[in-house]
Amino acid sequence: MAKDAVAREIVFALRRQIAKIEGTLPECLEAPARADITVVRRGGQAEGNDALSNRALASLALSTGAGCLDAALGGGLPQGALTEIHGLETRDAGAVTGFVLALAGLAVGAAQGEAGLATPIVWIGMTETFGEAGFPYARGLQSSFGVGPESLLFCEARKLADALWIAEEAARLSTSAAVVLEIRGNPRRLDLTATRRLHARAQQTGRPLFLLRQAALAEPTAAPVRLVVLPAPSGLRETVAGPLTGSIGLPAFAVSISKSAYASNGQFILEWNPDERIFMERGAGERSAGEIRAKDPFAVVSLPRHGADSAAAPGAVVAFKPALGRQARKPAAGDQPPRPQRAAHRGARRAG
């Protein structure tokens, strides 16, 4: 009987370790009846009340404010998990970065509401990625997303292995509101195993970890949610008298659910309200993300106020009048007469 109990305990410990590495199976331990009890796990590791609260926090959802998107995701983005935010092309970097900054601002507000303390955002990226997409603007962080420059910690890595290691270590910190890992393209090292490790770290602390992928294609990862973000045309600015003609309204995003355990593929047009710090759904009659890119393959900004450019069709020949020589040109009214000039060799020379 003793041998069977030991073997059963070893099997349970192995299953728990595999579930922790995979990042897909939830912990099946029940919370202790008393608040002062410490759960001791095999291998000498102890979990107190902080670890149990982090595990409970991981099961919560981060609400975006857009009811359509939150309902499709089962209540919002997973709080303690790895979430992928994709940009299909390099020109979409500004929109994708702004969308992630808005999510990070929401995570900061949620963390401050729970702990009541200032919690920073750790942003890790590659040198080549920052060279293409740039850095967030300090003044824009405060005014648009409610994130002070002192609350954003940047870390620039030259190698992907270093960026992944820093992201894992940063995800272990329960004092941070969110961790953002910005990667460009589809590097081979960012495989299923690497994303499982990141997802497991996020589950341990109960804080969101956003994998921001610029100009990347979808591939198998351990992230339970993947969103594809494209820029959408802004609407008109709303005033008391109604929409203001010729104005530019709130920034808009075309968000597509590419992967989710709760919903099928969906497409939404969202607007970010910098005053309320929340996403809002645009009317259901707006175009989807696929229609925006299909109908407007090149235009990423609104059309001019007075309509499209009236340039001539390609191939049109424009005739110019032949230019007259300087001697034949007649001075126009108001022209200043040229100064008298003489050749240098005609000037007087001093002898000796």
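Suppose the filter is closer than 25 Å to D92 by Cα and of a type in the set (A, V, I, L, M, F, W, C); does I166 pass it? So I166 fails the test. None of L106, L181, L160 is among the hydrophobic types (A, V, I, L, M, F, W, C), at pLDDT 90 or above and over 16 Å from the mean Cα position of the chain (by Cα) except L160. Being crowded, with 20+ Cβ neighbours inside 10 Å and assigned to a loop (DSSP other than H, G, I, E, B) is the requirement here; does G125 meet it? Judged against the criteria, G125 is not a match.
Note on region 135-231: enclosed helices (runs of 4 or more DSSP H) holding 2 or more residues that are small (G, A, S) and surrounded by 18 or more Cβ atoms within 10 Å (Cβ to Cβ) are 160-171, 192-205.
Here the condition is being modelled with pLDDT of 50 or more and open to solvent by less than 70 Å² (accessible area, probe 1.4 Å); of G65, G48, it holds for G65 alone. Look at V108 and say whether it is part of a strand (DSSP E or B), open to solvent by less than 40 Å² (accessible area, probe 1.4 Å) and touching a Ser or Thr at 6+ places or on another chain (Cβ under 7 Å). No: the conditions fail for V108.
Of all residues in region 232-248, those satisfying the criterion of being open to solvent by 70 Å² or more (accessible area, probe 1.4 Å) and assigned to a loop (DSSP other than H, G, I, E, B) are L236, V240, A241, T245, I248. Which residues, counting only those in region 259-268, are under 20 Å from E219 (Cβ atoms) and modelled with pLDDT of 90 or more? Once the filter is applied, which keeps residues that are under 20 Å from E219 (Cβ atoms) and modelled with pLDDT of 90 or more, region 259-268 yields only K259.
Within region 249-258, is there a residue that is of a type outside the set (A, V, I, L, M, F, W, C), at pLDDT 90 or above and crowded, with 17+ Cβ neighbours inside 10 Å? Yes, some residue in region 249-258 is of a type outside the set (A, V, I, L, M, F, W, C), at pLDDT 90 or above and crowded, with 17+ Cβ neighbours inside 10 Å. Scanning region 80-97 for residues that are open to solvent by 10 Å² or more (accessible area, probe 1.4 Å) and either of a type outside the set (A, V, I, L, M) or under 16 Å from A222 (Cα atoms) (or both) returns E89, T90, R91, G94, T97.
The values are calculated or read from the model by the stated rules, or taken from the named source; none is laboratory data. These numbers come from a predicted model, not from an experiment. When we count neighbours, we look across all protein chains shown, and the Cβ atoms used for this are built from the backbone with ideal geometry, even at glycine. Just so you know, the surface numbers come from the protein's heavy atoms only, side chains and all, with ligands and any DNA or RNA stripped out. Shrake-Rupley method; radii C 1.70, N 1.55, O 1.52, S 1.80 Å.
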